[in-house]
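Below is one structure; the comments refer to it alone.
The values are calculated or read from the model by the stated rules, or taken from the named source; none is laboratory data. Values in this document were obtained by computation on a predicted structure and should not be read as measured data. Heads up, the Cβs are rebuilt from the backbone with ideal geometry, glycines too, and the neighbour counts pull from every protein chain shown.
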Amino acid sequence: MKNIVKMIAILMVASAASFAADLVNRCNANNSDGSIGMPMQSCSIENVSVYTLVVNGNNFEMDTFQSVEYNGKTFLLRLYVTNAKPEYNAVMALAQNALATRSQMNIIYKNPAVGPVYTDVLNNVNCSVNYNNDGTPAYMHCPIQAISIPSQL
């Protein structure tokens, strides 16, 4: 039984690693790096296929299983949109559609390295950090600016 559990764990890690190999994550700071369609002061993740969707009160969130460094601490990257934003339903529907059809997504989000980063404030404009009860870093929440499901041929 232990061997079966080990094999499943190895397959899960290999599967996640194969998804990560195709993932493209790049950011623009105050100037464009030539990334078409990505605004300045934004980041994009292309080919996202491994993620978790979370509806948390008035927020729709997406765990990306990537980490972000901020002030010498490592946070997990969690993208979000609140229901105060008019695009809330559209973003949620596209993400759920991608999950249901096992499609990859491309996401543009606020670059946490540019502009202020708040603590425990989700305002659809800036990134925000939060901490676990023991004071260790938990998540870097960054607002989703655009989301798309690229066509599959």
Q: Please give the number of the condition Ala138 fails out of (1) in contact with a Ser or Thr (Cβ under 7 Å, 6 or more places away or on another chain); (2) over 19 Å from Cys27 (Cβ atoms); (3) not in a loop (DSSP other than H, G, I, E, B).
A: (1)
Q) Restricting attention to region 127-139, which residues are more than 11 Å from Cys43 (Cβ to Cβ), in contact with a strand residue (DSSP E or B) (Cβ under 6 Å, 6 or more places away or on another chain) and either crowded, with 17+ Cβ neighbours inside 10 Å or without any contact (Cβ under 8 Å) to a residue 40 or more places away in the chain (or both)? A) Ser128, Val129, Asn130, Tyr131, Asn132, Pro137, Tyr139
Q.
Consider region 144-153. How many of its residues are surrounded by fewer than 20 Cβ atoms within 10 Å (Cβ to Cβ) and either without any contact (Cβ under 8 Å) to a residue 12 or more places away in the chain or part of a strand (DSSP E or B) (or both)?
A. 4
**Q.** Subset of region 67-93 (residues that are assigned to a loop (DSSP other than H, G, I, E, B) and buried (at least 17 other Cβ atoms within 10 Å of the Cβ))
**A.** Lys85
Q. So Tyr70 fits all but one of (1) modelled with pLDDT of 90 or more; (2) out of contact with any strand residue (DSSP E or B) (no Cβ under 7 Å at 6 or more places or on another chain); (3) within 12 Å of Asn111 (Cβ to Cβ); what number is the exception?
A. (2)
(Q) Just checking, does region 105-113 include any residue being at pLDDT 90 or above and surrounded by fewer than 15 Cβ atoms within 10 Å (Cβ to Cβ)? (A) no
Q: Go through region 47-66 and give me each residue that's in a loop (DSSP other than H, G, I, E, B) and either in contact (Cβ under 8 Å) with a residue 12 or more places away in the chain or under 19 Å from Gln145 (Cβ atoms) (or both).
A: Ser49, Val50, Tyr51, Asn58
Q: For Ser49, indicate whether it is of a type outside the set (Val, Ile, Thr), touching a helix residue (DSSP H, G or I) at 6+ places or on another chain (Cβ under 7 Å) and surrounded by 14 or more Cβ atoms within 10 Å (Cβ to Cβ).
A: yes
